[in-house]
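Visitor: Quick one: this structure, given as C-alpha cells, is what I'll be asking you about.
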C-alpha cells in the first residue's frame, strides 16, 4: 500500500551572518512536525535551505572583500555554518536548497518570463522607502516612527526602473483565502494581514519584483540590468525544489501542496504575495502557512542586527541537543512570542527532564534490575491503583495527535508529561520498595514495574519527534525494539514482552547546578568588546588649556548639499551671535534629531573650509567600534546648562 505524502518547509534563511537560536527554534519545530508525520507512516518531504541573493548580501560581501558567492558559501557550507548547525541539531531534512543552485536560478528565470507573458508583470518605476536588511519596500504610511515596521531599522529613499507584479489583481481572491479558510494560522495573523495590507487605504499595492541598483540576484534574461527581487526568487523555492520549471527533480505532483512554517515577520510575503504568485502561474496553493512567534531576549526580538543572539552551539554542548530541542518546543507556545532566558532553560531541563522523565526512567530500570535481575517474571498481579494510570495512558496518543495536528507542539508535549507525572505519582502510591520486602507480593511488584515500563515505552514513542536520540537510548534501557516504539503500538498497552531485557543505563538528563551554570553561561556569552583606539602620547598641559571648550545650543541642523557625511549646525554659543560648525556625522544622526540639543564644542579653532562653507569650531563626539563597525555619538549635555558655559 502506497504511503500518504506530507510536504513541509522551513523558510529559507538569509545567510548574511551566522544563524542563532531563533533560527534553530523554527527549524527544530518543523523537524518535530516532519518526524511526527513519519512516525504516523507518511512519506515525508522536508525542505530547508538558504535565500542567498539581494542587496544586503552584496554589501556585506563587498565589506568583507570577497564575492557574494564566496561570502554565502562561508556561511552556508563553512565551519559552524548553516548546514553544520542543522547537523548539530539533528535536523532530518530530506532536501536543502540554495537559491544560487543552478536549477533554481533557471527556474526563476522561466517563472518570471511566464508571469510577464501572462500580463502579471509589467515595467514601471519604483520610488519609495526601502529597508535593506529586510529587503522590503514600504510606503510612508506603513513606516513606524519613520522606520521599518518589521525590524525597526532605518529605511532609505529608493528610486529606480523596475518590474512590478499585479498583486492588486489578486487582492479579492487572496482576501477570500485569508478570511474564508484556515490557510493562515494562527488566526491572530489574519486580521493583521487583511487590515494592514488589503483593506488599507489604497488597497493591496502592486509589488516591485526586480531591481537595477545592484547586481547580486537572478538576472532577468530578457532585460539585462534587472535582477529578480529577492522575495519572488525566494518564495518559489518551495516548488522549484520539487522540480517546478526544471529537470532536476520530478516530485511536484507527488508532494505539492505543502505546509510552510515561517516566522511572523515574513507572514506578509507568505500569506499575501505567495498565494498571488501561485495563482498567477496556475499552481495549487499551500495547504497552510503557519507564522510562529519570536524568541524575545532582554525585551527585544532576538536578531543578528540587535546583537542579542544566543549561540546554539554553546547550549547544545553544555546540555545536549535533545535537551535544547525539548526546551524550545516545550516552553514557548508555537505561534506566540516567548521570552528566552538561561534561567528558564535550566529550570525546564531540571524540572521536566531530570526530575520527571529522567527520574521515572532511572527509578524504574533500577528497580527492575535490583528486584528481578533485569527481567520481569510472567507471573504478575494487577491492582486497583493501576486503573487511573492505564486509563490516562490509553487515551494519550489520541490527545497528543489532536494537539499535534493543530501544530500546538507545546500542548502535545504537555499531554505526554501529564502521564509522566502520573507515573511518578503511581510509584509513590504503590511503594515498590515495600512490596519487594514480601516474597508473596512479587507478582504485584512485577505488574507495577511493568506498568511503569509500558508508560515509558508509550511516552517515549510520542517524544521521539522532539528528542530522537534520547528516546532511542530510552528504548534500549527498557528493552523495547523499533516495532514496540511505533505509532501503531503507541495506544496499545501490553506490547513490551515480559521477558524484555531492562538495563539501567546512564542518566539521560543529569540535574544541573543552577547557580554554577548561570555563572558559567554569563562568562561564555558575555559580548566581546571591540578594542579601543590606542592612547596618544602625553600632551603639554598648557596646550590643552589653550582649547576653549564651551556649551552650545543647537538652533538649526541640516544636511550639506552634495555631501553624504556633513551636517551644518547653527549654534548659540552664548556670545549673542550664532556660530556655524560643520560635522561629519550625517551617517549617525538625522538633522531633526539634534535641534534643541545641548552640545559641547571647541570654539577657538581657526575657521576651516568644508564643501565651500566655513566651519568655526569642532563638536565633541565619542568615536568607537561596535562589531568592527565605527560608531559616532555626540556628547549631549544637560539642557539646564546655559549656552556659553566653560567646560574644564
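The values are calculated or read from the model by the stated rules, or taken from the named source; none is laboratory data. Note that the coordinates shown come from a computational prediction; the quantities given were computed from them, not determined experimentally. When we count neighbours, we look across all protein chains shown, and the Cβ atoms used for this are built from the backbone with ideal geometry, even at glycine.
Visitor: If you check 312, 333, which single one turns out to be out of contact with any strand residue (DSSP E or B) (no Cβ under 8 Å at 6 or more places or on another chain), touching a residue at least 24 places away in the same chain (Cβ under 8 Å) and under 14 Å from residue 296 (Cβ atoms)?
Guide: Values: 312 fails: under 14 Å from residue 296 (Cβ atoms).
None of the other options fit; the residue is 333.
Visitor: Which of the numbered conditions does residue 284 fail, given that it passes all the others? Conditions: (1) at pLDDT below 90; (2) under 30 Å from residue 237 (Cα atoms).
Guide: The single condition residue 284 does not satisfy is (1).
Visitor: Please determine whether any residue of region 510-524 is under 27 Å from residue 36 (Cα atoms) and touching a residue at least 24 places away in the same chain (Cβ under 8 Å). Don't jump to the end; show me each part of the working.
Guide: Our first condition is that a residue be under 27 Å from residue 36 (Cα atoms); within region 510-524, this holds for 510.
Subset that is touching a residue at least 24 places away in the same chain (Cβ under 8 Å): 510.
Yes: one or more hits.
Visitor: Please state which one of 539, 643 is surrounded by 12 or more Cβ atoms within 10 Å (Cβ to Cβ) and not in a strand (DSSP E or B). Spell out the reasoning first.
Guide: Details: 539 fails: surrounded by 12 or more Cβ atoms within 10 Å (Cβ to Cβ).
Exactly one residue qualifies, and that residue is 643.
Visitor: Now for a different question. Please identify the pairs in which a residue from region 2-13 that is under 8 Å from residue 45 (Cα atoms) has its Cβ atom under 7 Å from the Cβ atom of a residue that is surrounded by fewer than 24 Cβ atoms within 10 Å (Cβ to Cβ) and at pLDDT below 95, counting only partners at least 6 apart or on another chain.
Guide: Nothing qualifies.
Visitor: Within region 250-286, track down each residue that is outside any helix (DSSP H, G or I), over 25 Å from the mean Cα position of the chain (by Cα) and in contact (Cβ under 8 Å) with a residue 24 or more places away in the chain. Before the answer, list the steps.
Guide: Kept after step one, since they are outside any helix (DSSP H, G or I), are these residues of region 250-286: 250-251, 256-263, 282-286.
Next, only the ones that are over 25 Å from the mean Cα position of the chain (by Cα) stay: 250-251, 282-284.
Across region 250-286, the qualifying residues are 251, 283, 284.
Visitor: Assuming residue 425 fulfils every condition listed in (1) in contact with a helix residue (DSSP H, G or I) (Cβ under 9 Å, 6 or more places away or on another chain); (2) part of a helix (DSSP H, G or I); (3) in contact (Cβ under 8 Å) with a residue 12 or more places away in the chain; (4) surrounded by fewer than 16 Cβ atoms within 10 Å (Cβ to Cβ) apart from one, which condition is it?
Guide: (3)
Visitor: For region 48-65, which residues satisfy the criterion of being touching a helix residue (DSSP H, G or I) at 6+ places or on another chain (Cβ under 7 Å) and outside any helix (DSSP H, G or I)?
Guide: First, the residues of region 48-65 that are touching a helix residue (DSSP H, G or I) at 6+ places or on another chain (Cβ under 7 Å): 48-54, 57-58, 60-61, 64.
Listed by number, the residues that qualify are 48, 49, 50, 51, 52, 53, 54.
Visitor: Given the criteria out of contact with any strand residue (DSSP E or B) (no Cβ under 6 Å at 6 or more places or on another chain) and assigned by TED's automatic domain parsing to the domain that holds residue 553, does residue 617 qualify? First the steps, then the outcome.
Guide: Working: out of contact with any strand residue (DSSP E or B) (no Cβ under 6 Å at 6 or more places or on another chain): no; assigned by TED's automatic domain parsing to the domain that holds residue 553: yes.
When the stated conditions are applied, residue 617 does not pass them.
Visitor: Let me ask you something else. Which count do you get for residues in region 78-88 that are in contact (Cβ under 8 Å) with a residue 24 or more places away in the chain and part of a loop (DSSP other than H, G, I, E, B)? Can you show your working first?
Guide: In the first step, residues of region 78-88 are kept if they are in contact (Cβ under 8 Å) with a residue 24 or more places away in the chain; the result is 80-82, 85-86, 88.
Adding the requirement that they be part of a loop (DSSP other than H, G, I, E, B) leaves 80-81.
Of the residues in that region, 2 qualify.
Visitor: While we're here: Going by what's in this entry, would residue 7 be described as modelled with pLDDT of 90 or more, more than 20 Å from the chain's Cα centre (by Cα) and not in a strand (DSSP E or B)? Give the steps one after another, and end with the answer.
Guide: Values: modelled with pLDDT of 90 or more: yes; more than 20 Å from the chain's Cα centre (by Cα): yes; not in a strand (DSSP E or B): no.
In short, no.
Visitor: Name the one entry in 570, 558, 592 that is part of a helix (DSSP H, G or I) and on the phi < 0 side of the Ramachandran plot.
Guide: Details: 570 fails: part of a helix (DSSP H, G or I); 558 fails: part of a helix (DSSP H, G or I).
Of 570, 558, 592, the one residue that is part of a helix (DSSP H, G or I) and on the phi < 0 side of the Ramachandran plot is 592.
Visitor: Could you pull out the residue among 204, 242 that is crowded, with 20+ Cβ neighbours inside 10 Å, at pLDDT below 95 and in contact with a helix residue (DSSP H, G or I) (Cβ under 8 Å, 6 or more places away or on another chain)? Walk me through it before giving the result.
Guide: Values: 242 fails: at pLDDT below 95.
Going through 204, 242 in turn, the sole match is 204.
Visitor: Here are the criteria: (1) touching a residue at least 24 places away in the same chain (Cβ under 8 Å); (2) more than 42 Å from the chain's Cα centre (by Cα); (3) surrounded by 12 or more Cβ atoms within 10 Å (Cβ to Cβ). Tell me which single one residue 502 does not satisfy.
Guide: Status for residue 502: all satisfied but (2).
Visitor: Have a look at 108, 91, 75 and point out the one that is touching a residue at least 24 places away in the same chain (Cβ under 8 Å) and either in contact with a strand residue (DSSP E or B) (Cβ under 6 Å, 6 or more places away or on another chain) or surrounded by fewer than 16 Cβ atoms within 10 Å (Cβ to Cβ) (or both). Full working, then the answer.
Guide: Values: 91 fails: either in contact with a strand residue (DSSP E or B) (Cβ under 6 Å, 6 or more places away or on another chain) or surrounded by fewer than 16 Cβ atoms within 10 Å (Cβ to Cβ) (or both); 75 fails: either in contact with a strand residue (DSSP E or B) (Cβ under 6 Å, 6 or more places away or on another chain) or surrounded by fewer than 16 Cβ atoms within 10 Å (Cβ to Cβ) (or both).
Result: 108 is the single residue among 108, 91, 75 that is touching a residue at least 24 places away in the same chain (Cβ under 8 Å) and either in contact with a strand residue (DSSP E or B) (Cβ under 6 Å, 6 or more places away or on another chain) or surrounded by fewer than 16 Cβ atoms within 10 Å (Cβ to Cβ) (or both).
Visitor: Could you list, ordered by first residue, the pairs with Cβ atoms under 7 Å in which the first is in region 151-162 and modelled with pLDDT of 80 or more and the second is surrounded by 13 or more Cβ atoms within 10 Å (Cβ to Cβ) and outside any strand (DSSP E or B), at least 6 apart or interchain?
Guide: Close Cβ pairs (under 7 Å, with a partner that is surrounded by 13 or more Cβ atoms within 10 Å (Cβ to Cβ) and outside any strand (DSSP E or B)) amount to 155/143; 155/148; 160/212; 160/213; 161/212; 162/212.
Visitor: Here is a list: 390, 413. Which entry is modelled with pLDDT of 95 or more, assigned by TED's automatic domain parsing to the domain that holds residue 509 and buried (at least 19 other Cβ atoms within 10 Å of the Cβ)?
Guide: Working: 390 fails: buried (at least 19 other Cβ atoms within 10 Å of the Cβ).
On inspection, the qualifying residue turns out to be 413.
Visitor: Output the residues belonging to region 468-481 that are farther than 25 Å from residue 391 by Cα and in contact (Cβ under 8 Å) with a residue 40 or more places away in the chain.
Guide: Answer for region 468-481, where residues must be farther than 25 Å from residue 391 by Cα and in contact (Cβ under 8 Å) with a residue 40 or more places away in the chain: 468, 469, 470.
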